[in-house]
Each structure stands twice: as structure tokens, then as C-alpha cells.
Amino acid sequence: MAKTAVELAVWDCYARQQGVPLRTLLGGERTAIPVGASLGMNPVSDTVDSVRRHVEQGYQRVKLKIEPGWDIELLEAVRAEFPSIELTVDANSAYTLDMLPVLRRIDEFDLHYIEQPLHWDDLTDHAVLAKELRTPLCLDESLTSPARVRAALDLASCAVVNVKVARVGGLQSVREIHDLCVARDVPMWCGGMLETGVGRAHNIHLATMPGFVYPGDTASASRTYSRDITNEHLEAVDGFMPVPEGAGIGVTLDHRFIESITRSSEVMA
């Protein structure tokens, strides 16, 4: 992640020097990208209400966090109210192959994909599980580099790839993963890590690349922060996030606000 922080700054600086949006350097052409909403674990009735609000706001995919004991009842309730929305689940490595009967029940809810059901560092068990389910598997934490993505695809451990730029080490790694997935016709989407405006803007630009075909986690900043650190407000409109205009990532820091919340600073010469 430290490497990514430096590398992203270099990409932004270079794009600004060239006077072009970052997406242009990455080969992206879209001026807006489809976005989804990721919902945390709350009481079932609250979750159903939250799904309803996000569907009404136009979000094009809803992702639910699940774990053993917090899965079937939740999915039954959401599917009963919303039988046709694009619905996914994220298990954050909460299951094992011994729980195959439960995973088969989850498989019955017409999900777009199941994200990271097994151990975060596993590829082989995911390959076994993928053969047992109709629902495609998506890997997240397991994919830490282009080499790991290649291995996962070679083993058929997943059929969908979640890319988080900080997790894989920067935009150059994202480009390599992107080209690999496009060559193998594997759909990608951009995951989120609660980024503020700077990181979110980078995610928006990279998600314009043609291989990012599924709605990502680049939702409105106001879902996470009451006030962002950038002057520009990154907000989705009818399920689409506009790409910030201008050179580089297209956002600027709200220095006055940052100074007001800064507790300490250090200058390195």
C-alpha cells in the first residue's frame, strides 16, 4: 500500500504535466462508470430497507456481507422483496469447504457472484468449490499481484476478478491484471477500501478501462464521509459515477479543511 501511494502520485503528476485525464493514460474512454453499493451487517429488516433506498437511488448492484449464521435468512428476505436486482455477497473468507451444504443453499439465490468465500490466501480450495456451484466465484483478498491473478485463472479458482489498486501494488499492476483478464474474457470490477477523494478519484479513472465491466464499489463519498478532503464532490447520479474532469485525477485538496482536522505534521527535507 505504501508503494501504491507513491506510484499513484506519480501517475497523477505525469497526467497533469501532459494536460490529460488519468483515464486517457490508462486507455479508458468512458465519462461515467456504473457503481454498486456494499452494505454491512445490520438487522435483516434494516438491511432490506437499506437495499430499497439504494435501489431507488439507482445503484446497479447491491452487495451484502455474509458469514455463517448470517446468510440464508438475510438472502431470503432480500430476494423476497427484490427478486430481480443484481445481488452479490461478500463472505470475507468466513466459510470452509466443510460448509459446502450451506454454500449450496447460498447458490440458490440467483447471485451475480459470491466473493471470497474461503480463506484469503487460498486458490486450490476455491478451485474445488467453483466446480460445486453454479454461481461464479469472485476473488478479492487472494489476488495480491498479477502473478496471483494468473495462477487463480489457470486453476479456475474464480471467474470474476475484484481489483483493488492498493492491494495489488499500484496502477502498473492493475494494467497487467487488466490485460490478462481481457485476454481471457474474465470480467473485472473495482473494489473499494473506504477511500477519501484522492483514492476514490484514482479508482474512478481506472474503472473506465474496458475490462471493468461490472459495477464497482466507487459509490458516493457521502455514503462514507460527512465531509471529504477534496474540493470536488464525488457523488453518483442514477447509478453512475461521473469521471472527474480536468488533468490528472481531476480533484484538488481542500487544504483549509485538512488543516482543521490535522493533529500533527512532519516535513521531510
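The values are calculated or read from the model by the stated rules, or taken from the named source; none is laboratory data. Note that the structure is predicted; figures quoted are calculated from it, not measured. FYI the Cβ positions are ideal-geometry reconstructions off the backbone, even for glycines, and counts take in every protein chain you see.
Computed values, structure above
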| read-out | value |
| --- | --- |
| Sole exception among (1) surrounded by fewer than 21 Cβ atoms within 10 Å (Cβ to Cβ); (2) under 16 Å from L8 (Cα atoms); (3) of a type outside the set (S, T, N, Q) for G239, by number | (2) |
| Residues within segment 238-269 that are under 12 Å from R23 (Cα atoms) and part of a loop (DSSP other than H, G, I, E, B), tallied | 7 |
| Residue satisfying condition, being basic (K, R) and either over 21 Å from P117 (Cα atoms) or not in a helix (DSSP H, G or I) (or both), within set R175, R167 | R175 |
| The lone exception for D185 - which of (1) in a loop (DSSP other than H, G, I, E, B); (2) under 16 Å from K164 (Cβ atoms); (3) modelled with pLDDT of 95 or more it fails | (2) |
| Spans of helices (runs of 4 or more DSSP H) in segment 1-83 with at least 1 residues surrounded by 15 or more Cβ atoms within 10 Å (Cβ to Cβ) and in contact (Cβ under 8 Å) with a residue 40 or more places away in the chain | 2-18, 22-26 |
| Boolean, I258 is surrounded by 15 or more Cβ atoms within 10 Å (Cβ to Cβ) and either of a type outside the set (S, T, N, Q) or closer than 20 Å to K63 by Cβ (or both) | no |
| Filter result for S93 (at pLDDT 95 or above, surrounded by fewer than 20 Cβ atoms within 10 Å (Cβ to Cβ), outside any helix (DSSP H, G or I) and not basic (K, R)) | yes |
| Segment 188-220 - residue that is of a type in the set (A, V, I, L, M) and modelled with pLDDT of 95 or more and, of those, nearest to V6 (Cα to Cα) | V198 |
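For every residue, the table says whether it meets (1) among the small types (G, A, S); (2) part of a helix (DSSP H, G or I); (3) buried (at least 20 other Cβ atoms within 10 Å of the Cβ).
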site	(1), (2), (3)
H112	no, no, yes
P117	no, no, yes
D125	no, yes, no
T135	no, no, yes
S157	yes, no, yes
D179	no, yes, no
